[in-house]
1. With respect to ASP175, determine if the residue is in a helix (DSSP H, G or I) and at pLDDT below 70.
2. Would you please list the contacts, defined by Cβ atoms under 8 Å and residues six or more apart or on different chains, that run from a residue in the range 171-185 that is in contact (Cβ under 8 Å) with a residue 24 or more places away in the chain to a residue that is β-branched (Val, Ile, Thr)?
3. Can you find a residue that is over 17 Å from the mean Cα position of the chain (by Cα), surrounded by fewer than 19 Cβ atoms within 10 Å (Cβ to Cβ) and more than 24 Å from GLU111 (Cβ to Cβ) anywhere in the range 15-31?
4. Quick test for you: out of THR79, THR94, pick the one residue that is assigned by TED's automatic domain parsing to the domain that holds ALA52, among the polar types (S, T, N, Q) and either modelled with pLDDT under 85 or more than 23 Å from HIS186 (Cα to Cα) (or both).
5. Find the residue count for the range 56-86, including only residues that are without any contact (Cβ under 8 Å) to a residue 24 or more places away in the chain and of a type in the set (Asp, Glu).
6. Report yes if some residue within the range 58-74 is touching a Pro at 6+ places or on another chain (Cβ under 8 Å) and either surrounded by fewer than 14 Cβ atoms within 10 Å (Cβ to Cβ) or modelled with pLDDT of 85 or more (or both); otherwise report no.
7. Take residues that are of a type in the set (D, E, K, R) and farther than 16 Å from LEU120 by Cβ and tell me which of the strands (runs of 3 or more DSSP E) falling wholly in the range 1-75 contain 1 or more.
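The values are calculated or read from the model by the stated rules, or taken from the named source; none is laboratory data. Since the model is a prediction, treat every value here as computed from it, not as a measurement. So basically every Cβ, Gly included, is an ideal-geometry build from the backbone, and we count neighbours across all protein chains shown.
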Amino acid sequence: MEKDTAVVLVTDDDPDVLRLSATNLRAAGFTVVEARSGKEALQAFADKPPDAVLLDVMMPHMNGFQTYEAMRKLPGGDTVPVAFFTAHGDNYDTALQLAANDFMQKPVLRERLIERVHALVKAKRFADVLRSGDESGLEKRLATMKQLRETMAEPIRAIAQAAKATLGTPDLGSDAIEHLQKIERHAADLERIVKVLEQRIARG
């Protein structure tokens, strides 16, 4: 995977996890700003908004969700993608309600961490292009939308099909069924987003 020079703000109160995450991201070419608390993260963000933010959920004094809500109120805070990571999967619903961009359950493999951060940065750049008022960049924006649509469509279909097929497996527990149904619903939501992109591309 090609290296990226984007700035990533990583926040975790566990120094070992913070150091490992930062090391892996730096090895992939990212510029990493480290924060050990929600307060430090907010200060770092206020000093210079990054291209993406990783927030641990379970932190003392100010948890990841509280930090996220405060960060969204800072200048530039409504445009920077944010991903949560946590050891507790039951925080997933709260992350969705807050409209976070991603959610990773610890431990996060190095390859997965880098892939997800690349995706966050691409989303930020894509959004920046769409917000651009430069009419001369229209063709570039449409090309970017088309590329995003093509990139998203097949994985979304695969996820939905896999969830549907797994739901047909006998003896699934109620928790597993609930999670698979949730995956199906989110895949359907993403498919609708792809269709919106297709319509916007068609209108030019």
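1. No; evaluated as a whole, the condition is false for this residue.
2. ILE183/ILE159
3. The answer is no, given that none of the residues of the range 15-31 is over 17 Å from the mean Cα position of the chain (by Cα), surrounded by fewer than 19 Cβ atoms within 10 Å (Cβ to Cβ) and more than 24 Å from GLU111 (Cβ to Cβ).
4. Step by step, each of THR79, THR94 is checked, and only THR94 is assigned by TED's automatic domain parsing to the domain that holds ALA52, among the polar types (S, T, N, Q) and either modelled with pLDDT under 85 or more than 23 Å from HIS186 (Cα to Cα) (or both).
5. Within the range 56-86, residues that are without any contact (Cβ under 8 Å) to a residue 24 or more places away in the chain and of a type in the set (Asp, Glu) number 1.
6. Checked against the condition, which is being touching a Pro at 6+ places or on another chain (Cβ under 8 Å) and either surrounded by fewer than 14 Cβ atoms within 10 Å (Cβ to Cβ) or modelled with pLDDT of 85 or more (or both), the range 58-74 yields at least one hit.
7. Correct list: 31-35.
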